[in-house]
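This report refers to the structure that appears directly beneath it.
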Amino acid sequence: MRSLLFVPGDSPRKLDKGIASGADALLLDLEDAVAPDNKPKAREVVREYLAAHIGKPERPRLFVRVNALDTGMTDDDLDVVMPARPDGILFPKSQHGGDVIHLDAKITAREALYDIHEGATRILVIATESAQAMFGLQNYRGASKRLDGMTWGAEDLSADLGAETNRNERGDYTDPYRLARAQCLIAAVAAEVAPIDSIYPNFRDAEGLKREALEGRRDGFIGKMAIHPDQVPVINEIYTPNADSIAKAERLIDAFKAAGNAGVISLDGQMYDQPHLKRAQRLLARVKK
């Protein structure tokens, strides 16, 4: 998934725009984008939306962002949306891998209840939304076979820290959030799931979005979340491997095979070793998905 677009769960109009955005996944939001009094309505809107679209062969993946475990609303969210068989759940405010285990159990029970194949409902986790959560990033590995990806959030983290802002005068993240971003990337790779970069909040600043997405791709993220449909084409373009990158990866893999899977090879006057091979294999794996 290159692009994951947030859509408020209580807005049928925005949900309809989302399906036509070109995003690889829609994040149907029952949490921050929905006022407390409007959450019952949002659950029904999302359930109806899922029922209308989940069976279509050509569609983005459909994830539902439920409310956090400590709100007491997670079960209410799951009870309404799980019968409509979402592709997955976006899990906010997670503190550690144990929270994912807890969510997995809730999903497993409802898959059994609604005759959904066990494990079909995937999990994406937002893993850095509080200071405490930063100390739980090391134990997501093996928490759940459902876990497909990890992403991070700067807005809730900055509120928890009491920060005046999370970006400097140039628009770049300040050090606490650069740390959160880097640790999420490393934790996702350690857990063998997809690392997904956070949102770029200024949806009118296409150049800023492009710069941040290029930095994310450079560092190892494979996709980025979006808050507006206009951001989706930029993210898709940057996170789609280009023909030259694909061709180079294929040549490198072929050269290693021709050398009998040697530890080190020479190609085009440069030396390449196993980390280069692993990087090429990962790139081609993304293309095949």
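The values are calculated or read from the model by the stated rules, or taken from the named source; none is laboratory data. The structure displayed is predicted, hence computed values, not measured ones. A quick note on method: Cβ atoms are made from the backbone with ideal geometry, for glycine too, and the neighbour counts reach across all protein chains shown.
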* Name the residues in the range 218-257 that are surrounded by fewer than 13 Cβ atoms within 10 Å (Cβ to Cβ) and among the aliphatic types (A, V, I, L, M), would you? -> Ala243, Ala247
* Filter result for Asp148 (in a helix (DSSP H, G or I), modelled with pLDDT of 95 or more, under 24 Å from Asp29 (Cα atoms) and of a type in the set (Asp, Glu)) -> no
* Residue list for the range 151-180, restricted to those being crowded, with 20+ Cβ neighbours inside 10 Å, assigned to a helix (DSSP H, G or I) and not hydroxyl-bearing (Ser, Thr, Tyr) -> Leu157, Ala180
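State all residues of the range 162-185 that are within 14 Å of Gly216 (Cβ to Cβ) and of a type outside the set (D, E, K, R); if no residue qualifies, say none.
Here is the first cut: in the range 162-185, the ones within 14 Å of Gly216 (Cβ to Cβ) are 172-173, 177-178, 180-182, 184-185.
Hits for the range 162-185 are Tyr173, Tyr177, Ala180, Ala182, Cys184, Leu185.
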* Asked: Can you name the residue in the range 88-102 that is more than 17 Å from the chain's Cα centre (by Cα) and in contact (Cβ under 8 Å) with a residue 40 or more places away in the chain and is also nearest to Gln132 (Cα to Cα) among such residues?
  -> Gly98
* Six or more apart or on different chains, Cβ under 6 Å: which pairs go from a residue in the range 45-67 that's more than 14 Å from Gly9 (Cα to Cα) and in the same structural domain as Leu30 (by TED's automatic domain parsing) to one that's surrounded by fewer than 21 Cβ atoms within 10 Å (Cβ to Cβ) and among the acidic types (Asp, Glu)? Could you list them? => Pro60/Asp24; Arg61/Asp87
* Asked: Pick from the range 258-288 the residues that are surrounded by 12 or more Cβ atoms within 10 Å (Cβ to Cβ) and among the charged types (D, E, K, R): which of them is farthest from Arg2 (Cα to Cα)?
  -> Asp273
* Residue satisfying all of: in the range 37-49; touching a helix residue (DSSP H, G or I) at 6+ places or on another chain (Cβ under 7 Å) and among the hydrophobic types (A, V, I, L, M, F, W, C); nearest to Ala25 (Cα to Cα) among these -> Val46
